[in-house]
Every structure is written in structure tokens, then in C-alpha cells.
Amino acid sequence: MRKRLVLMSTAALLFIIWVIWGNKALTAEKIVIYDSGIPSAFNGFRIVQVSDLHNAEFGRGNNELLEVIEDCQPDIIVATGDIIDSGRTDTLTAALFVEKALKTTPVYYVTGNHEARLLEQGGTGKDEYFKLESIMVNAGANVLHGESVSIERGESEIQIIGIDDPEYLRLNKYAGENRITLSNIDEFIKEDIFTVLLSHRPELFEEYAKSGVNLVIAGHAHGGQFRLPFVGGLFAPNQGFFPRYDSGLYEKNNTKMVVSRGLGNSAVPIRFNNRPEIVVIELNNKSR
């Protein structure tokens, strides 16, 4: 009995240590996008995706996270929403991460549902979000509120479109027209130009595929939070149990979508079998 108790206690302790390690041990997942529409000048172009940070810190001042990103040698960094957490907002941690990342790499950012929740809170919450956005813009980040930008290499270019989270858009109406949303995105896609869409929500993949964009980069699902062997994620916001789009690469028609498992936690404070990740997306214009 004593030996059995010791073994059980040791196993329980090792399991707890493994779970804690699995919530802090960063991983970089590489996904190659093969598409003949990618200009040859962009072969090997690397996009590092950071999603759902939720004010998490990996090392002091997120230095461990920044080192992993730097080791991936990105051409650009895309932040696909929820860089802050509406329940425990820490504007300075999020802003400092973006400022440090910008020292070596251009950053493109779109809002998520937690940025929207800060607007919904009004008062201090709303002020905190716009404070964060102001710091990012002043540091040189490309904050895309329904906007399109081009990245050029020689005479070639690719198009980056960033749209706001639906909840953010509902709470923050813009003056004027010509903002890009999911309903009118097809009007802004440049003909014969490889188009990358940054959007927080993967559950809208059917709509993205209808729009004709080439590549969607999304987050929000947290990898299903608890990942089960041979099954995948257990639960994701707006998808429910056993979500269809929780992690990795998906394809429909001529549209591909990459979904990050993200980095931080929110309502559920712990992950299981689901290490925090950044995604390294490499473009390639050859056949698979």
C-alpha cells in the first residue's frame, strides 16, 4: 500500500509538472503554403503569426517569445487579435511586446473579440484599448481596421487585408465609407495578386472561401483548449464542442486558412496537451 501510494503520488506530481510545462513551453509550428499565384520574388517569404496572447508573458518582458520569433527569421509578423485580455487588461505588457517586435520586423495587427469587449465596457476599458492602439501606431505597427496594404519585392507584390472582429465592428462604427468587411471584401481584392486576409475568427471560413482570398490567417479557437489524442480540440468559442477549425491548415476551393492555437488563456486559465504556439507560414509558388 505504501509503495502504491508513493507511485500514485509521484505520477500525480509528474502529471501536474507536465501540464504546467505545457502551458509555458513555446513551440513554433511551420506551415508551407503552396500556391502558383505566389510571385517567385516571394518564394520563402515568412509570416510569423502571433495570436491570442491575452496578456501572457513568456520570460521577463516576453523576451523568450521575442527570441523564438527572431529565430524564425520572419519577414513580417501578423497579430490576429486578442493581444490583450478584457478580464485582466495589461496594456503596457501588450504594447511593450509590439514595440520590441517592431525593432526588427514589420507588424500587422487586427482586432479580436477581447478588444471588442473593452469597447463594450466603456469608460476605462475603452480608454485602455485606444491607449494600446495609439502606442502601437506611434511605434510603427500597421493597425488594419478594414484596410488593405501591399508588400512589394522588386516589381512583384502581395496584398494584405485586415478586417476587424465582427463584435468590434458592431461597437465601433466608422465615419465614411470604403472600409473592408467580410460582406464587401471581394470588391477590394486586386486582380491576379496573391491576397492574405487577417481575421480573428476561423469559424467564418465558408464565407472567407466565397470571397476569393488566397490565404486566411486566424486564431480565436485556442486549439480547442484541451486537446485529446486522435480527436483534436475539445471546445472553441463560437464553434462549441469538437470544433471543426481549431488548429493547422484548412483548404476550400482556392482558399487556404491557417489557424493558430494561440499563446495565452482567458476564461479557462489552463491548457491541456496544447502547448502555446507561434505559427511560421512560408510561401512557396511551386506545386506541393
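Among 34-40, 159-165, how do they line up from the highest to the lowest mean number of other beta-carbon atoms within 10 Å?
Values: 34-40: 14.1, 159-165: 24.0.
In descending order of packing, they fall as 159-165, 34-40.
Heavy-atom accessible surface of M8, to the nearest 10 Å², is about 120 Å², with a 1.4 Å probe and all protein chains retained. Note on the chain: GNM, Cα springs under 10 Å; of A94, A218, A209, the largest mean-square fluctuation is that of A209. Estimated from helices alone, the mean residue ellipticity of the chain at 222 nm is -8500 deg cm²/dmol (sum of -39500 (n - 2.57) over DSSP H runs with n ≥ 4, per residue). May I ask for the distance between the Cα centers of the stretch 139-173 and the stretch 211-288, given as a whole number of Å? When both Cα centres are located, 21 Å separates them.
Working ranking of peptides 14-21, 142-149, 46-53 by packing, defined as the average number of other Cβ atoms within 10 Å per residue, highest first, is 46-53, 142-149, 14-21. The base-10 log of I(q)/I(0) for the stretch 240-288, evaluated at q = 0.29, 0.31 Å⁻¹, reads -1.31, -1.37 [Debye formula, identical scatterers on Cα atoms, solvent excluded].
Principal-axis analysis of the Cα atoms of the chain puts helix 123-139 at an angle of about 60° to the longest axis. Annotation: average projected area of the stretch 10-147 is 11.0 square nanometres, based on the convex hull of Cα atoms across all directions. Can you match mean projected area of the Cα convex hull in nm² to one of these, (1) 15.7; (2) 17.3; (3) 18.9, based on a calculation from the structure here? Correct label, based on the coordinates given: (2).
Here the accessible area is traced with a 1.4 Å probe on the protein chains. For the stretch 1-44, carbon and sulfur cover 69 percent of it.
Think of each Lys and Arg Cβ as +1 and each Asp and Glu Cβ as -1; about the Cα centre, that makes the dipole of the stretch 150-258 roughly 440 debye.
Which of the residue pairs K30/K103; K126/K256; K24/K131; K30/K100; K100/K256 have a Cα-Cα distance greater than 32 Å in the structure shown?
Among K30/K103; K126/K256; K24/K131; K30/K100; K100/K256, the Cα-Cα distance tops 32 Å for K126/K256.
Per residue, what accessible area does the chain have, given a 1.4 Å probe and all protein chains present, in Å²? All intermediate terms of the calculation are to be shown ahead of the outcome.
Numbers: 13880 Å² over 288 residues.
Result: 48 Å² of accessible area for each residue.
Relative contact order, whole percent, for the stretch 138-288 stands at 17, derived from Cα pairs under 8 Å and 6 or more residues apart.
The values are calculated or read from the model by the stated rules, or taken from the named source; none is laboratory data. On a predicted model such as this, the values are computed, not experimentally measured, just so you know. Glycine gets a Cβ as well: all are built from the backbone with ideal geometry, and neighbour counts include every protein chain shown. Remember, those area values only see protein heavy atoms, side chains included, never the ligands or the DNA or RNA. Shrake-Rupley method; radii C 1.70, N 1.55, O 1.52, S 1.80 Å.
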